[in-house]
Amino acid sequence: MSGGVDSAVAAARAVDAGHDVTGVHLALARNPQTYRTGARGCCTLEDSRDARRAADVIGIPFYVWDMADRFHHDVVEDFVAEYAAGRTPNPCVRCNEKIKFAALLDRALALGFDAVVTGHHARLDEAGRLRRSVDPAKDQSYVLAVLTAQQLAHALFPLGDSTKAQVRAEAARRGLAVADKPDSHDICFIADGDTRGFLRQRLGAAPGDIVDATTGAVLGQHDGAYAYTVGQRRGLRLEHPAPDGARRYVLSITPVNNTVTVGPGDALDMSTVYGDRPVWTRADGTVRGEVQLRAHGEATPATVDVSSGQLRAELDQPVRGVAAGQAIVVYQPDPGGDIVLGSATITRAAA
Amino acid sequence: MAYLDHAATTPMLPEALDAYLATARVAGNASSLHADGRRARRLVEEARERIGAALGARPSEVIFTGGGTESDNLAVKGVFWARRAGPAGRRRVVASSVEHHAVMDGVVWLGEHEGAELTWLPVDRTGRVEVEALRAELSAHGDDVALVTTMWANNEVGTVQPVAELAALAAEHGVPYHTDAVQAVGQVPVDFAGSGAAALTVTGHKLGGPVGVGALLLSRDVAATPLLHGGGQERDVRSGTLDVPGIVAFGVAVEAAVKTQQEHASRLAALRDELVARVQAAVPEAVLNGAPPGAGRLPGNAHFGFPGCEGDALLLLLDAQGIACSTGSACSAGVAQPSHVLLAMGADEAEARSSLRLTLGHTSTSADIDALIAALPGAVGRARRAGKR
Ligand SMILES: Cc1ncc(COP(=O)(O)O)c(C=O)c1O
């Protein structure tokens, strides 16, 4: 129970469904003051109070579990290391994979609980398949697709059949004070929302060249390649416009020589996406489906092949700006909620 | 349901509750000059006399406060400020390393914000303060010490401190000695005059009185700078309209607790010995922390380490079976920190985190122990599995 509206309603629904429910708030910040108030799944004093109050209203026991060290190691350090390696990580995916459905789930199972209930907006059908929420704007199946069948077997997502508006209305009806608490989409461990500032503080300034992809000419300097994301256009501070006057985008980041390569937007259009560490729900082989390449991104039709621990997706239409480190999630469109076939971590893409 | 957390708070004694309700029904500000005020004042003064008589203090030495935390803060900060302002400008505070946060955090604050020099007295493996360490400290810095403070009995592991020896050493050097006797009153004999202490903290809710009322027993010849300024109701050391019903009930509870202390203590000690024996029979690897049962330990206290388990996990599992106990450690944002008491006793972090405090009080019976023993082995097994991850 993060202290937000979703987990509060999820807990209440689990109680209504007849489960014997215990509320757990994860303390994820070593120093609770430094993490962002209201962020999903994080521990500020205010969030833990809100969660406790919701548990009281629902009438369930409530505890705070300290997972700050695990979180720091598995999520925060991983986040920094991924950026340092020139990739763009998704810490929510990592947190689900390593904390909520690993450290937390393991502890819960050992203590005699059967499952972890969360307020994620996603569905689990009777066959144990993960599906998108009915609320497309709030769907969180993307950040859950990393979960294995084993992990999903011990997960409950009671909100998947409701829209966010319905969840808020229900929270108000149930007398949960968090009904109007604003959503947060920011990274919970970056207190002021300034990811670049956070990375600069953690990684230090590392000046390097900004290089033109076609000519190889050095166009400018940067203070740290980690501050850039593939597809980024703003903030390049290049003095010379491109000869054709076209806008320039970040095409790639090369940590070995600390170089940011820029070029025209169409050089960002990728037709093939490669991923590793796939979590796949079926036998190796080729499937047709839709792929989503970033949180809240559009899904695009593709032919996906998974074999010997590697994933390759041939996109029907090229997609602009594919960042290594993000998840590629493969869906099978379905009127009952698109079904997650699997996911992988993007390693590279090709035109 | 089994309530095994009397050291956190214990239910009010029926006579204290009756006194509270009877007094709360009638209005009266003890500072008012009219008849209602005089009646309220009389009730307060009677309570003051009762408490003084029960605890070996003159009535004028009893300063009512809002509880143990306030009394501790008043003693530590108030005496420090007054002594620092004195001709010798003393600025050293000597405290044991196993104090309750109400003392410890005040001492730390003085160090961080008021220029105090701090000395933490070590304890032995049972949590008993090393008397020789105080002797050495006073020989080295006696002229500069503003205050010595050590608790009478520890709230986590129940170890009773050598208060008389510590107080005598402090007196030799003319240093005021404060003792937090919150856990001691009603469990062991406590006599303010006989102890040699200059200041003593007591609170209502650990001995059958209400929460939010307590007292600092403060010698007439020890100055303390107030924490709370205002009407000066309590000897000009403490301000605030007096909580008449709370004070009356507190007086009744202190008197009853002290009067029945001996029988109460032998009953609790027998029950506690039963608890310890049955826990160790059910979970042979359980380690009893603190002083061995006897005069050196509070009769209602049992405190165990369960190797390989987290106290937090045990607490959750026992709670789910209706058994209330404590890990004894303080929380920040609800996150348990390893107990500074156990660390000071030489435990490592894992040992400190594996502990559980079970404390008995006037409503405890063998049935509570039955319930505990029925649930404990299963809980320990699960907590151990959870601890392996
Ligand atoms: C040793 C000790 N000192 C002080 C206190 C604080 O007393 P109170 O709860 O009345 O503020 C407690 C209890 O929490 C205690 O055990």
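The values are calculated or read from the model by the stated rules, or taken from the named source; none is laboratory data. Everything quoted here is computed from the prediction, not taken from an experiment. Note: ideal-geometry Cβ built from the backbone for every residue, glycine included; neighbour counts use all protein chains shown. Just the protein is used for accessible areas: all its heavy atoms, side chains included, with ligands, DNA and RNA removed. Shrake-Rupley method; radii C 1.70, N 1.55, O 1.52, S 1.80 Å.
Scanning the range B:259-282 for residues that are open to solvent by 50 Å² or more (accessible area, probe 1.4 Å) and β-branched (Val, Ile, Thr) yields one hit, B:THR260.
Any residue at all in the range A:129-142 that is touching a residue at least 40 places away in the same chain (Cβ under 8 Å), open to solvent by 20 Å² or more (accessible area, probe 1.4 Å), away from chain B (no Cβ under 14 Å) and under 25 Å from A:ARG30 (Cα atoms)? For the range A:129-142, residues touching a residue at least 40 places away in the same chain (Cβ under 8 Å), open to solvent by 20 Å² or more (accessible area, probe 1.4 Å), away from chain B (no Cβ under 14 Å) and under 25 Å from A:ARG30 (Cα atoms): absent. Against the conditions (1) open to solvent by less than 20 Å² (accessible area, probe 1.4 Å); (2) assigned to a loop (DSSP other than H, G, I, E, B); (3) closer than 24 Å to A:ILE328 by Cβ, A:GLY119 satisfies every one except (3). B:ARG220 meets all of the listed conditions (1) out of contact with any Ser or Thr (no Cβ under 8 Å at 6 or more places or on another chain); (2) open to solvent by 30 Å² or more (accessible area, probe 1.4 Å); (3) away from the ligand (no atom under 13 Å from the Cβ); (4) assigned to a loop (DSSP other than H, G, I, E, B) but one, namely (1). The number of residues in the range B:10-29 being at positive phi and within 16 Å of the ligand (Cβ to nearest atom) comes to 0.
Inside the range B:352-385, can you point out the residues that are within 14 Å of another protein chain (Cβ to nearest Cβ) and in contact with a Cys (Cβ under 8 Å, 6 or more places away or on another chain)?
The initial filter retains those residues of the range B:352-385 that are within 14 Å of another protein chain (Cβ to nearest Cβ), namely B:352-353, B:375, B:377-385.
B:VAL380, B:ALA383, B:ARG384, listed by residue number.
The residue pairs whose first member lies in the range B:203-227 and is in the same structural domain as B:GLY86 (by TED's automatic domain parsing) and on the phi > 0 side of the Ramachandran plot, whose second member is β-branched (Val, Ile, Thr) and open to solvent by 10 Å² or more (accessible area, probe 1.4 Å), and whose beta carbons are closer than 9 Å, counting only pairs six or more residues apart or on different chains, are B:GLY208/B:THR10; B:GLY208/B:VAL252. Screening the range A:191-256 for strands (runs of 3 or more DSSP E) wholly inside it with 3 or more residues that are more than 23 Å from A:ALA349 (Cβ to Cβ) returns the ranges A:218-222. Restricted to the range B:174-216, and to residues there that are in a strand (DSSP E or B) and within 11 Å of the ligand (Cβ to nearest atom), the residue that is surrounded by the fewest Cβ atoms within 10 Å (Cβ to Cβ) is B:VAL185. If you take the residues in the range A:163-177 that are under 23 Å from the mean Cα position of the chain (by Cα) and assigned to a helix (DSSP H, G or I), which one is surrounded by the fewest Cβ atoms within 10 Å (Cβ to Cβ)? By that ranking, first place goes to A:ALA165. Can you pull out the residues in the range A:105-115 that are under 22 Å from the mean Cα position of the chain (by Cα) and buried (at least 18 other Cβ atoms within 10 Å of the Cβ)? Listed by number, the list holds a single entry, A:LEU105.
The criterion of at least 1 residues that are more than 13 Å from the chain's Cα centre (by Cα) is met by the following helices (runs of 4 or more DSSP H) wholly inside the range A:64-104: A:68-71, A:77-84.
Every residue, every condition in (1) modelled with pLDDT of 85 or more; (2) open to solvent by 30 Å² or more (accessible area, probe 1.4 Å), yes or no:
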position	(1), (2)
A:LEU203	yes, yes
A:THR214	yes, yes
A:GLY224	yes, no
A:LEU238	no, yes
A:ASN258	yes, yes
A:ALA267	yes, yes
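Scanning the range A:146-162 for residues that are assigned to a loop (DSSP other than H, G, I, E, B) and crowded, with 20+ Cβ neighbours inside 10 Å turns up A:VAL146, A:LEU147, A:PHE157, A:PRO158, A:LEU159, A:GLY160, A:SER162. Summed over the range A:38-72, residues that are open to solvent by 50 Å² or more (accessible area, probe 1.4 Å), away from chain B (no Cβ under 12 Å) and modelled with pLDDT under 85 total 1.
Screening the range B:51-66 for residues that are crowded, with 24+ Cβ neighbours inside 10 Å and closer than 16 Å to B:VAL248 by Cβ and picking the one that is nearest to the ligand (Cβ to nearest atom) gives B:THR65.
Within the range A:55-70, being touching a helix residue (DSSP H, G or I) at 6+ places or on another chain (Cβ under 9 Å) and either touching a residue at least 60 places away in the same chain (Cβ under 8 Å) or over 15 Å from A:LEU28 (Cβ atoms) (or both) holds for A:ALA55, A:VAL57, A:ILE58, A:GLY59, A:ILE60, A:PRO61, A:PHE62.
When the helices (runs of 4 or more DSSP H) confined to the range B:304-374 are screened for residues that are surrounded by fewer than 16 Cβ atoms within 10 Å (Cβ to Cβ), of a type in the set (D, E, K, R) and touching a residue at least 60 places away in the same chain (Cβ under 8 Å), none reaches at least 1 such residues. Evaluation of A:ARG282 against the conditions (1) open to solvent by less than 60 Å² (accessible area, probe 1.4 Å); (2) touching a residue at least 40 places away in the same chain (Cβ under 8 Å); (3) in a loop (DSSP other than H, G, I, E, B) shows that the sole unmet condition is (1).
Across the range A:8-29, what is the number of residues that are more than 14 Å from chain B (Cβ to nearest Cβ), in contact (Cβ under 8 Å) with a residue 24 or more places away in the chain and not small (Gly, Ala, Ser)? Here the count works out to 3.
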